[in-house]
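Here it is, the structure, as structure tokens.
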Amino acid sequence: MKISVAMITFNEEKILRKTLESVKDLADEIVIVDSGSTDSTEAIAKEFGARFYTESWKGYGPQRNSAIEKCSGNWILNIDADEEISDKLKIKIEEVTRDESNTKEIFKINRLSVCFGKELKHGGWGTSYAIRLFKKGSGKFNDNTVHEAFETNKEIHKIKEDIFHHSYLTMEDYFNRFNRYTTEGAKDYYKKGKKVNVFDIVINPFYKFLRMYIFRLGFLDGVEGFVIASTSSLYSMIKYFKLREMYKNDSYLQENSNSKNR
């Protein structure tokens, strides 16, 4: 069975080579949909023989679906540009996809977070499962601009071998993505009509820090655990504050438009 690796990218030169090295012996083809990288992303992708497409940003769900649609393989391994396939996982994927008698079509795979060079095992940032391997046509991602989900009516199976998720290489890397991710999250909530209040901006971030650092034992991950809990709470606050700004700006524009029509 042919395996296609599907990826979406944007300025991924710092980690992309490690990612592609981990799948080059597994993939029959690599398909990448890029949203306008200005660094060496395209050059690195082509070193590994990837089919590289540049498209305007449509949101995470639609962008992933675009990459998947361009794949010709029976099996799709949909990974992020900051994920690395472990050797044990590579063997397991080969077993699953080469087995002609296998009737299972969708697998969620364990992701082990690596932040600032350290494996995080607590605070909710440790291990988590995400759908990464599936037969083409067995489902698709929803249209969420952020926090997209794979939708299917088929049974989902589990693979315990690890994908190493290199979430953030450095603090600079974290904050380079921070502004984009909080804006996308706010836009997604705005489209859904989600309301925002003082609790979301003031109390919720504080509770999120306590939940990650204390209740979920983030303190056992040392300094990195404290930093991740702190920045995650800040992420929540900024996302909701941006949502508040969107409603205020919309209200202002409506008032302006009404006054001009008088």
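Can you list residues whose amide H is under 5 Å from Lys140's amide H, if they're 5+ apart or on another chain and H is modeled 1.01 Å from N?
Those lying under 5 Å, H to H, from Lys140 are Glu151.
May I pose another question? To make sure I understand the rule: partners must be lysines, Cα under 30 Å from the Cα of Lys248, and not fewer than 8 residues away in the same chain. Which ones qualify?
Answer for Lys248, where 30 Å is the Cα cut-off: Lys58, Lys187, Lys191, Lys192, Lys194, Lys195, Lys208, Lys239, Lys260, listed by chain and number.
Give the span of the stretch 76-196's Cα atoms along each principal axis, as three whole-Å numbers ordered largest to smallest.
Taking max minus min along each principal axis of the Cα atoms, the stretch 76-196 gives 50, 36, 22 Å.
So, by mean Cβ neighbours within 10 angstrom, what's the order for 54-65, 97-108 with the highest one leading?
Taking the mean over residues of other Cβ atoms within 10 Å, the ranking is 54-65, 97-108.
In whole angstrom, how far apart do the alpha carbon centroids of the stretch 11-35 and the stretch 66-117 sit?
13 Å
Next question, about the same structure. Given Cα positions, please report Rg to Rh for the stretch 1-156, the hydrodynamic radius being the Kirkwood one.
Across the stretch 1-156, the Cα-based Rg/Rh ratio is 0.94.
Given the DSSP H assignment, sum -39500 (n - 2.57) over each helix run of at least 4 residues in the chain and divide by its residue total; what's the result at 222 nm in deg cm²/dmol, nearest 500? Could you put the intermediate results ahead of the total?
On the way: 7 runs with 106 residues, N = 262.
That comes out to -13500 deg cm²/dmol.
With bins 10 Å wide starting at 0, give me the P(r) of the chain over every alpha carbon pair, in whole percents.
With a bin width of 10 Å, the distribution comes to 7, 26, 33, 23, 9, 3, 1, 0.
Let me ask something else about it. Over the stretch 29-185, what is the relative contact order in whole percent, taking alpha-carbon pairs under 8 Å and six or more residues apart?
27 percent
As a test, work out the antiparallel percent of DSSP beta bridges whose residues both lie in the stretch 58-187, rounded to the nearest 5.
Numbers: 17 of 27 bridges.
Bridges in the stretch 58-187 that DSSP calls antiparallel: roughly 65 percent.
Just the ratio, please: alpha-carbon radius of gyration of the stretch 13-69 over 2.2 N^0.38 Å, N its number of residues.
The reported ratio for this selection is 1.10.
Convex hull over the Cα atoms of the stretch 124-262, averaged projected area in nm²?
12.3 nm²
Measuring from a point 7 Å past the Cα of Lys90 along Cα-to-C-beta, which residues in the stretch 1-43 have an amide N at less than 15 Å?
Hits in the stretch 1-43 for Lys90 at 15 Å: 5, 17-29.
Report for the chain the percent antiparallel among DSSP-assigned beta bridges with both residues inside it, nearest 5.
The antiparallel proportion sits near 40 percent.
Each reported figure results from applying straightforward, stated rules to the coordinates on display, with no laboratory input. What you are looking at is a predicted structure, and each value in this text was computed from that prediction instead of being measured. We place every Cβ from the backbone using ideal geometry, glycine too, and count neighbours over all the protein chains shown.
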